[in-house]
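Asks: Take a look at the following structure, please.
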Amino acid sequence: MRPVCAIVALVGLLSARAGRAQEPPAAPPPQAQVVSGTITSSVSGLPLPSVRVSIKGTHQQTASNGDGRYTVSVPSLQDTLHFSLIGYQPQDVPIDGRTEIDVRLAALPAQLEALIVTGYRVQDRRTVTGSVSSVNPAEFSDVPVDNLSNALAGRLAGATITQNAGTPGRESSIRIRAPGTFNDIDPLYVIDGVVSDKFAFDGLSPQDVDNISVLKDGATAALYGSRAANGVILVTTKRGAVKATEFSYNVTVGGQDAPRIPPSLNAYQHAKAINDALSYNNVPTSDARYYTDDELAYFRTHSWDWIAALWRDPLDVHHSLSISGGTDGVRYFLGGSYLDATGSFDNLSFGRTTARGNLDVDLTSRLKASVDFNGARQNRLGPSWGINAATGVADWGQEDLYKALALRTRMVPPYIDGFPVGNWVEWHPGVVISNQSGYDRRQWSELNVRGRLDYQTPWVRGLSASLTYFKGYTSSYEKQFNLPYDMTLFDTWGGHNHLLGSQVVGTKERSAEDFLRTNEAPYNNYQLNAQLTYKHRLGNHDVDALFVYEQAASDTAWLAGRRDNFISSGIDQFIAGGSDPADSRVDGREGRSARLSYVGSVGYSYADRYYLQGSFRYDGSVIFAPEHRWGFFPSVAAGWRITQEPFFKVPFINELKLRASYGVVGNDAVGDFQWLQSYVIDTGAVFDSPTKGIAPGSLANRAITWEKSKSYNAGLDARLWDNRISLTLDLFYRNTYDILGSRQAQIPGTFGATLPDENYEQINSHGFEVELGYNGGAGEAPGSFKYYARGFLGYATNEIVQLNEAQNIRPYQSRKGRTTAPTSACFGYIATGILRTPADLDALPPGYTINGVPAQLGMLNYKDLRGPPVVAPDGTISNAPPDGKITGDDQAWICDYNSPPISYGLSVGASWKALRIDALFSGAAGNKLLMQTDGRAIQARAEEASYGYWADSWTPDNPNGAYPGYRGTPYKTTYPASTFWLRDGSFLRWKALTVSYDLPQRVTRVMGLSSARLYCSGTNLLLLMDHIGDWGYDPEMNNIRSYPLMRSFTLGMNASLKKSLQ
């Protein structure tokens, strides 16, 4: 039996092998197939660039180019392609054996559906229930700016952005809505999830930025808790994508000029003003200070403009290069930029070099690692001038130097035969600008590294975890070398020897201090974040939740040294300084800060119709005492997308969403460690011998804690008429309380200590913002005429509810119930006019005086509001009736705003075929500008002139002059703040214009490029409306002394090359 079984088994085995031998050989693995096509918009018909094309079920991706073309290799022609682009409906398309597939993507309600960066996440705009504004860097990538903040003016609703000087590298200030504190009002800056500062924000290259969002209300900003009371600005930088490697190079070259420079008195006007002042003060005409007729006649034809003589047209050159791309597993972005900007005078410049790299790697199908680095260096070179007495740092705005240059007498030239003129020149701006009197060099270096791990958990669908660590190092170094110098004296001639000859007769020393000062300040910080995120959809129910653990610390220090009395101007090293111990000094500080935070947020939506969001942040900071170290900042928000309701059948309304939010945010930029007793080094004496010792500083207050703001916001988002019209409306109210302030003004001056800050001041603010946009065109065919217009209007004001004021303050002096505009800008006299004729003097009450001086012709008169204070027996202070004279008791609040409560902007543009034009208009309104003190002064000396409008001041020969003619002394008369010196600060500026042209593909192919674009642009082109008049300065700067705001004209080119590196 066994042999039979064996034979049967052997036969079966051979049969099986024979059967297999007769089977055809295994087919080779399928060859990869190439599928390509064009992606267009279903609305406009135009090609769509940057559409992400992926093979469903794999990680393989690519993106469409500028012509909407895509090419992708697929394993099988039976696969399915997935097309997605922000603002468009994602679409799955089966290949079905085809190799050419054109796709038309249906537009979603743009802006409502687009992705937007909010706190610790990215959301569809339709799900956002708070107030968030965003700007696409493509809007300003062709606009030449030295700093990122300068590019945002007129582009963000709810943000007031102003530039107060035009020096190279000068940044703009940014304020979100209305100020809610007397302390720091700067917003919080967050770059790629890391809390940063405005210096780092301004140091970003615009070509490296992918998105900028502004969180304006308490609900969105509450995720940043104790530092979010002034709003939050979020920046995300560019990253790589699955596509062929793309090299992109951008270069701009531009020149600048100053459209507005306030004029000063010319030589004749200056000489005549001196004569008028001497005559007004009854100085005999024989006095040598008078300018004789021959001298006046000479100055009618001889006047020297110092600004024009020393002016240099600035030049800006900006290069940027980026490399981006990636495969299914690795994506990368590398970018670098170089900026060189010169100023309007020699030896004034700004330079910046940046480098950035962002790398994303898929370690597994669920685990992704990211490594980012960025470095930057900034250099500023300027003259040695203008040390701030409080900070010990020179003023980069060059305000005082520019003012001196503008007001140097035009009766002498700055140079004769190359020698700096010293006649009637106290100090010589030309020598200072030339660096012969020293220099001021500043350098900042920055290096940051960030690592991140993201993990999609397999056991809970929608749950992911991330771990991020950031380490940053910044170093600043300043070196200032200050030297005395000589000016040249020349012979004089004329009736009173006021005319300058060309014969050298001597020298005049400018006995400035000679010193070398250096200041080095390292700063390093780290931030650690661990985050859990859960996103899940079940039927009509959507849940989006996150929890974050955040830990951060920083170390700061600075060391400053100075040495005086140098033996040689050619050695700018400490070793060449004086050997006397009094010639050397050194100072320094060190500081450390740390905080710990827990952040949570839960969002729920039903049927993409109803939205509810709740969040909190629990912050702890070492700057407060342990018992008051923690603060809790909650928020809640809700939204209702009405257009998703079955009953809503309004054909022309495509999207309509109502939203409301409430949140509590804080501010801890209030001075560190005030809960600890501080000490200062003080001088004293023991038995008439000077000593130094330690003395108590301000008293400690252990109860000090966060400033807090309760923020309420209601809003509406809408899209109308086939999504062509967009509308966003926000209304807000904010109550800020526990504001830190000292009660020092409320105690007698005999109190022997400095009081600490306390949490007791309060400010309320409110306002609204409206954004409106329209997109239109002549058709949907590619290259057809398209146009757009987008504008916004914002209003934000505040009211002081509680603040520190002296107990004996008079009611009219109180700031309670007023805005936070400072007393120095909005408090003064109410002017009634100039006393022009004897009849004007006769109409005044007997014994009438103006600030202690009997009324005289040419004086500026004011309204007599009240007399000296009346103190009742119970200590109550009241106002006396007008007393027939003008004193400090007659001052009043003369304006409500010194910074604009209203801001607005308008962007318009059009495209046709390869040509595109974009324009930006921005403005502000509602504020008053008070002339700066120097502008309210009329000089009566040869060494310094006055501003040009003083040429039309009152004199006996010019009784109808526009400006007062009283001369208190033959030297200088300064008029106090009054309504006479107020003007409307509203303005409308043509901010930017860009015209670009995309070179045809037949041209770029010959050049070996994928695409190329040429463009020209201008910024600060024209003030279309303002009320400054003959004052002649730019209202945005709010200061006649400021270095002028510059107008720029730039030519640029952008070229890209795509090449596979595989």
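Asks: Could you state the number of Å between the C-alpha centres of the range 601-623 and the range 578-594?
Replies: One Cα centre to the other: 48 Å.
Asks: When Lys and Arg each count +1 and Asp and Glu each count -1, what net charge do the other residues less than 12 Å away from Gly203, Cβ to Cβ, add up to?
Replies: It works out to a net charge of -2.
Asks: What whole-number distance in Å separates the alpha-carbon centres of the range 675-736 and the range 198-213?
Replies: Rounded to whole Å, the Cα centres lie 25 Å apart.
Asks: According to the square roots a ≥ b ≥ c of the eigenvalues of the Cα gyration tensor, what is the shape class of the range 228-275, taking rounded for a/c under 1.5, prolate for a/b larger than b/c otherwise, and oblate for the remainder?
Replies: oblate
Asks: State, as an integer percentage, the relative contact order of the range 830-890 based on alpha-carbon contacts under 8 Å between residues 6 or more apart.
Replies: 37
Asks: Hey, can you grab everything whose amide H is under 5 Å from the amide H of Tyr963? Only 5+ residues off in sequence or another chain; H modelled, so Pro and N-termini drop out.
Replies: Ser953, Trp954
Asks: List every residue whose amide H lies under 5 Å from the amide H of Ala512, counting only residues 5 or more places away in sequence or on a different chain, with H placed 1.01 Å from N in the peptide plane.
Replies: Under 5 Å from the amide H of Ala512 lie the amide H atoms of Tyr485, each far enough along the sequence or on another chain.
Asks: Compute the long axis of helix 2-22 from its Cα atoms, compare it with the longest principal axis of the Cα atoms of the chain, and write down the angle in degrees, 0 to 90, nearest 10.
Replies: 50
Asks: Order these by the 10 Å Cβ neighbour count, fewest first: Thr237, Thr364, Thr754.
Replies: By the 10 Å Cβ count, ascending, the order reads Thr364, Thr754, Thr237.
Asks: Now a separate question. Give me the number: length gained by fully extending Val680 to Ala530, i.e. 0.36 nm times residue separation minus the C-alpha to C-alpha distance, one decimal in nm.
Replies: 49.9 nm
Asks: Here is a further query. Can you work out the FRET efficiency for the pair Asp124 and Trp640, with r the C-beta to C-beta distance and R0 = 25 Å, to the nearest 0.05?
Replies: Once rounded, the FRET efficiency stands at 0.95.
Asks: Determine the shape class of the range 849-928: with a ≥ b ≥ c the square roots of the Cα gyration tensor eigenvalues, call it rounded for a/c under 1.5, and otherwise prolate if a/b is greater than b/c, oblate otherwise.
Replies: Oblate, because a/c is 1.5 or more while a/b does not exceed b/c.
Asks: Further question on the same structure: Roughly how far apart, in whole Å, are the Cα centres of the range 790-817 and the range 239-256?
Replies: After rounding, the separation between the Cα centres reads 48 Å.
Asks: Turning to a different aspect of this structure: Calculate one ³J(HN,Hα) per residue across the range 405-421 by plugging θ = phi - 60° into the Karplus curve 6.51 cos²θ - 1.76 cosθ + 1.60, and present them in order as whole Hz with x for glycine and proline.
Replies: 5, 5, 9, 4, 4, 8, 7, 9, x, x, 9, 10, 6, x, 9, x, 6
Asks: Also, I was wondering about something else. Taking neighbour Cβ counts within 10 Å as the exposure measure, how do Lys657, Lys238, Lys708, Lys216 sort from fewest upward?
Replies: Lys238, Lys708, Lys657, Lys216
Asks: Can you give the Rg and Dmax of the range 515-674 based on its C-alpha atoms, in angstrom?
Replies: Expressed in Å, the Cα Rg and Dmax of the range 515-674 come to 28.0, 89.
Asks: What distance in nm separates the simple spin-label points at Asn851 and Arg312, each placed 7 Å from Cα in the Cβ direction?
Replies: 4.1
Asks: Treating the beta-carbon of each Lys and Arg as +1 and of each Asp and Glu as -1, no other charges, what is the dipole magnitude of the chain about its Cα centre, to the nearest 20 debye?
Replies: Here the size comes out at about 3840 debye.
Asks: At 7 Å along the Cα-to-beta-carbon direction for both Leu716 and Phe1049, put a label point, then send me their distance in nm to one decimal.
Replies: A separation of 4.5 nm, rounded to one decimal place.
Asks: Then there is this: Antiparallel versus total DSSP beta bridges in the range 33-105: what percent is that, nearest 5?
Replies: 80
Asks: Taking only C-alpha pairs under 8 Å that are 6+ residues apart, what is the relative contact order of the range 870-961 in percent?
Replies: 18
Asks: Around Gly472, with a cut-off of 13 angstrom between Cβ atoms, what is the net charge of the other residues, counting Lys and Arg +1 and Asp and Glu -1?
Replies: -3
Asks: If I take every Cα pair under 8 Å that is 6 or more residues apart in the chain, average their sequence separation and divide by the length, what percent do I get for the relative contact order?
Replies: 12
Asks: Then there's this: Calculate, for Val650 and Ala553, the FRET efficiency according to 1/(1 + (r/R0)^6) with r their C-beta to C-beta distance and R0 56 Å; round to the nearest 0.05.
Replies: E between Val650 and Ala553, to the nearest 0.05, is 0.55.
Asks: Just to be sure I follow the definition: excluding the sites themselves, where is the longest run in the chain that has none of the chymotrypsin sites (Phe, Trp or Tyr not before Pro) in a DSSP loop with at most 14 other Cβ atoms within 10 Å?
Replies: 1-458
Asks: Work out how much length Arg289 to Thr969 would gain on full extension: take 0.36 nm times their residue separation and subtract the Cα-Cα distance, in nm to one decimal.
Replies: Extra length from Arg289 to Thr969 when fully extended: 243.5 nm.
Asks: Taking the Cα atoms only, what angle lies between the long axis of helix 267-280 and the longest principal axis of the chain, rounded to 10 degrees?
Replies: With both axes taken from Cα atoms, the answer is about 50 degrees.
Every number here is computed from the coordinates shown, using simple stated rules; none is lab data. Not measured: the values here are computed from a predicted model. Every residue, glycine as well, gets a Cβ built from its backbone with ideal geometry; the counts of neighbours run over all protein chains shown.
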